[in-house]
Amino acid sequence: MFSIVDRQELTKRDMISLTVEAPAIARRIRPGQFVILRVNETGERLPLTVAYADPTNGTITIIFQVVGKSTALLASLPVGDAIRDLAGPLGATMDFENVGTVVGIGGGSGIAVLHHLLIGYKEAGNRLIGIIGARDKGLLILEEEMDRLCDRLVITTDDGSYGMHGLVTDALKDLVDHGVTLDLAVAVGPLVMMRAVCQMTKLYDLPTVVSLNPVMVDGTGMCGGCRCTVGGERKFACVDGPHFDGHKVDFDELMRRNATFSRDERLSLLSSVTKG
């Protein structure tokens, strides 16, 4: 059992942060890796990327959005309760090199993943520029944490309620148009956002790393649920990734596959709320 020591509601629309006691994972996990958990004995396996780890206190923090029955159940757990199973760290480790200036681009719950990745690039000695966006101000997360981590932070909102009015790609274009030298882009967020970023960075000949979020089940590559096409080759996000060269990812295929169970997830969530 893994005790929950802190719980926060980060936005007005079901974005939850849980800090969990997991000393062994906290000591070993590297930025970008993930864990798989089960809330209880009958719960499904739920893959979540760690936002940050605290080896000193033996805790990890996961940030997720309630999108289905399992995430709703996880979100309902109070401080003092416990998660039944927690396995990790999982996923391939990344090589963080000093390349110069890294621009990190995040949207939605992907900002949490981005934050952990940028810690790795910061420790390698890179200069960091962060771009984070949301539909409106109320959906932004980790603004203060990103501001402390990055040398420069740009915020965008679709409705113009906060920061720059526009999309994260608009902010990226603005940086390039003003002659800011960028050596690497790291994009984490909805698939449509990552695809748009990669289409733009390919025009700029800017190397781009993305974090894929297809459905992962067992986290070992055995089930094949997270298969994706990268550079014309079949990959499994859970063991080969979840981080890949964004210019080689077949996003259209991934978006079709990722939407396969969206209706079932909505119905499952609706059913659990109705019964509750």
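The values are calculated or read from the model by the stated rules, or taken from the named source; none is laboratory data. This one's a predicted model, so the numbers in the text were calculated from it and none came from an experiment. Virtual Cβ from ideal backbone geometry, glycine too; neighbours counted across all protein chains shown. Areas reflect the complete protein model, heavy atoms only, side chains present, ligands, DNA and RNA absent. Shrake-Rupley method; radii C 1.70, N 1.55, O 1.52, S 1.80 Å.
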Give the span of the chain's Cα atoms along each principal axis, as three whole-Å numbers ordered largest to smallest.
54, 39, 37
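What's the FRET efficiency of MET255 with ALA24 using the Cβ-Cβ distance as r and R₀ = 41 Å, to the nearest 0.05?
Details: r = 36 Å, r/R0 = 0.87.
In this case the efficiency is close to 0.70.
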Counting Lys and Arg as +1 and Asp and Glu as -1 over every other residue whose Cβ sits under 13 Å from the Cβ of THR19, the net charge comes to -3
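Based on Cα coordinates alone, diagonalise the gyration tensor for the stretch 1-115, multiply each eigenvalue by 5, take square roots, and list the semi-axes in whole Å, largest first. Present the calculation step by step, with values, prior to reporting the outcome.
On the way: eigenvalues 111, 58, 33 Å².
Those come to 24, 17, 13 Å.
Pull out the extension gain between ASP151 and VAL67, defined as 0.36 nm times the separation in residues minus the alpha carbon to alpha carbon distance; nm, one decimal. Intermediate values should be presented prior to the final figure.
Numbers: separation 84, 0.36 × 84 = 30.24 nm, distance 3.28 nm.
Result: 27.0 nm gained on full extension.
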Of LEU212, LEU118, LEU184, the one that fluctuates the most in a GNM where the chain has Cα springs shorter than 10 Å:
LEU184
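What are the equivalent ellipsoid semi-axes of the stretch 117-237, built from the alpha-carbon gyration tensor (square roots of five times its eigenvalues), in whole angstrom, biggest first? Working shown, then result.
Details: eigenvalues 140, 60, 50 Å².
Here the semi-axes work out to 26, 17, 16 Å.
Placing unit charges on C-beta atoms (Lys and Arg positive, Asp and Glu negative, everything else neutral), compute the dipole magnitude of the chain about its Cα centre in debye, rounded to 20.
On the way: 28 positive and 34 negative charges, 127 e Å.
About 600 debye.
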The percentage of the accessible area of the stretch 67-200 (probe 1.4 Å, all protein chains present) made up of carbon and sulfur atoms, to the nearest whole number, is 48 percent
Report, in debye and to the nearest 20, how large the dipole of the stretch 1-145 comes out about its Cα centre when Lys and Arg carry +1 and Asp and Glu carry -1 on their Cβ.
220 debye
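Run the numbers for ASN40 and ASP95: contour at 0.36 nm per residue of separation, minus the present Cα-Cα distance, in nm. All intermediate terms of the calculation are to be shown ahead of the outcome.
Values: separation 55, 0.36 × 55 = 19.80 nm, distance 3.46 nm.
Once the chain is fully extended between ASN40 and ASP95, it gains 16.3 nm.
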Quick one: Cα centre-to-centre distance for the stretch 2-19 and the stretch 34-65, in angstrom?
11 Å
Average accessible area per residue (Å²) across the stretch 53-197 - probe 1.4 Å, nucleic acids and ligands excluded
40 Å²
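If you take every DSSP beta bridge whose two residues both sit in the chain, what share of them, in percent to the nearest 5, is antiparallel? Walk me through the intermediate numbers first.
Working: 34 of 57 bridges.
Of those bridges, close to 60 percent are antiparallel.
Within the chain, how many lysine pairs that are 8 or more places apart, or on different chains, have C-alpha atoms less than 17 Å apart?
Numbers: LYS12/LYS137; LYS69/LYS275; LYS173/LYS202; LYS202/LYS248; LYS235/LYS248.
Counting lysine pairs in the chain gives 5.
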What distance in nm separates the simple spin-label points at GLN199 and VAL180, each placed 7 Å from Cα in the Cβ direction?
2.2 nm
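Rounded to a whole number, what is D in µm²/s for the stretch 66-188 from Stokes-Einstein with the Kirkwood radius over alpha-carbon pairs (37 °C, 0.692 mPa s)? Could the numbers behind the result be given before it?
Numbers: Rh = 16.0 Å.
My calculation gives 206 µm²/s for D.
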Keeping all protein chains in position, work out how much accessible area THR42 exposes to a 1.4 Å probe, and write it in Å² to the nearest 10.
130 Å²
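Can you check what the net charge comes to around ALA75, using other residues whose Cβ is under 9 Å from the Cβ of ALA75 (Lys, Arg +1; Asp, Glu -1)? Walk me through the numbers before you get to the answer.
Numbers: positive: ARG7; negative: GLU9, ASP14.
Computed value for this residue: -1.
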If you take the beta carbon distance between GLN8 and THR229 as r and set R0 to 45 Å, what does 1/(1 + (r/R0)^6) give as a FRET efficiency, to the nearest 0.05?
0.75
Using a Gaussian network model on the chain with a 10 Å cutoff between Cα atoms, which of GLU44, GLU97, GLU144 fluctuates the most?
GLU144
By how many degrees, between 0 and 90 and to the nearest 10, does the Cα long axis of helix 191-203 differ from the longest principal axis of the chain?
20 degrees
